[in-house]
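The values are calculated or read from the model by the stated rules, or taken from the named source; none is laboratory data. For clarity, every value in this text was computed on a predicted model and none was experimentally measured. For neighbour counting, all protein chains shown are included, and Cβ atoms are generated from backbone atoms with ideal geometry for every residue, glycine included.
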Amino acid sequence: MQLGYSYKLKPNQEHKSKMNRWLDMLRAQYNYLLRDRNDSYDQAKTPRLGNYCELKSGGEACPLTCSVSKNYSIGYPWKKSQKNPRRSAYEAQSSSLPILKKERPWYKSIHSTVLQQTLRQLDVAFAKFFKGETGYPKPKRRSRFRSFKYAPGQVKLNGNKIYLPGIGWMGFYNSRPIPEGFTLKSVTVRRKARGWFVSLQIEDKSVPPTPVKDNTEIDPLRVKGCDLGINKLISLSNGKTIANPAKQKSFRRRERRLKLRQKAASRKNKGSRNRGKSYEAVASLHERITNNRSAYHWGIANQLVDGTDALVFEDLNIKAMKSRCKPRPNESGSYDSAKPTFHERNGQSAKKGLNRSISNAAWGELVKKVEVVAAKSGIPVVKVNPKHTSQKCPKCHHVSKSNRKKEKFVCTNCGHYDDADINGAINIKLRGLKKLGIDPLDARLR
């Protein structure tokens, strides 16, 4: 069983300066090794016939395939093993760390496992790219590179103090004691707007993961269909709704305060200390809003899992929902002096507010938290196709756009009426039951 705990550190000024210096050096090393792989990738795209050997590293490259894992100029590409003598890109670049410390002695202050974990981070980024999960890795800016990681068995805990190799002992706010029997698996130190934090990944192999319930153990009446929205964050198939915190006065008050702080920061002189302090206040308020939303989501996740055998959500493409509207050219196709534009209005200004509301709701983060809480209880979380869930009648299965009018649902075929969001949640539940292999009629008969 694995759990994640996060604590706020209490570093002194020496600790802060050392960790900031580490981040700058690690970011420079990350970008340097990324550029090496990019150069190898560009070389592989040259139109040559057959494999060729780079004289600098002795590495083999094939122009017909991506050579990110074959060709590199940093590190030695061969090892003594007879079964698999070729090193991977990570192994080759990792073999160059001793040379790096000789040529740049200031890198000796960084713990060796921290340097290796940074190389592993780059390797994982490329692995995700080749799987199609993310885009091509890009160089890290200072604002986007804020953490470093330790390997298992390096960090020590003693009460409310933690030992970070290469940095030393420092205190932390022990808000949640670690349960007995759990050991540290990985440790990540992260700089945020409101201070330094440490994330602990703990594991207890003696506690097996909770098995997921199968369809024979699921009571159809204890299955909840969840319809995600903006006015109401979640509408449940049992008729209950969960409010959206973004619609509350406290959240709107913070948004107004954030807008004022952003305007004040933009007026400061570029490069001045006052401008830096102003943007620190903006980042601090951003983090406070994020923490409040995250805490609210965790509460919702526990509320949904309580007394439930299965949860069904819509499989939403949130990125596509927030995409820009397509341009709408003039019907005449010519420039009009009375209306100085080649395009008609496409509603992007109105959609901008909708996109902001979708981002504030953070549906994706909410579903991830629900999946984490549900996994601890063995409750399956099912995602179904959301097509026509808001236009379909659950009684006669009639589908029509005219069935829904804003927040109301009235079937034009049988006259069934209900709240539009709750009606959508019922349709989501019925589709989830089919996906689980349960006859939806069983829920009505029981």
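Among the residues that make up the stretch 405-425, is at least one of them touching a Pro at 6+ places or on another chain (Cβ under 8 Å), under 24 Å from Asn244 (Cβ atoms) and among the β-branched types (Val, Ile, Thr)? No: the stretch 405-425 contains no residue that is touching a Pro at 6+ places or on another chain (Cβ under 8 Å), under 24 Å from Asn244 (Cβ atoms) and among the β-branched types (Val, Ile, Thr).
Of the residues making up the stretch 89-108, one or more are at pLDDT 85 or above, surrounded by 18 or more Cβ atoms within 10 Å (Cβ to Cβ) and closer than 30 Å to Tyr7 by Cα. Evaluating Arg275 against the criteria (1) under 30 Å from Lys429 (Cβ atoms); (2) surrounded by 14 or more Cβ atoms within 10 Å (Cβ to Cβ); (3) free of Cβ contacts under 8 Å to residues at least 12 places away in the same chain; (4) of a type outside the set (Phe, Trp, Tyr) leaves one unmet condition, (1).
Among the helices (runs of 4 or more DSSP H) lying completely within the stretch 81-153, list those that include at least 1 residues that are in contact (Cβ under 8 Å) with a residue 60 or more places away in the chain and of a type in the set (Ser, Thr, Tyr).
On the way: elements: 89-94, 97-103, 112-131.
Where helices (runs of 4 or more DSSP H) fall fully within the stretch 81-153 and carry at least 1 residues being in contact (Cβ under 8 Å) with a residue 60 or more places away in the chain and of a type in the set (Ser, Thr, Tyr), they are 112-131.
Of Arg37, Arg146, Arg141, which residue is within 30 Å of the chain's Cα centre (by Cα), surrounded by 15 or more Cβ atoms within 10 Å (Cβ to Cβ), modelled with pLDDT of 90 or more and not polar (S, T, N, Q)? Show your work before the answer.
Numbers: Arg37 fails: modelled with pLDDT of 90 or more; Arg141 fails: surrounded by 15 or more Cβ atoms within 10 Å (Cβ to Cβ).
Only one candidate qualifies: Arg146.
Just to be sure, is Val367 in contact with a strand residue (DSSP E or B) (Cβ under 7 Å, 6 or more places away or on another chain) and in a helix (DSSP H, G or I)? Yes: the conditions hold for Val367.
Restricting attention to the stretch 251-271, the residues that are among the polar types (S, T, N, Q) and in contact (Cβ under 8 Å) with a residue 12 or more places away in the chain add up to 1.
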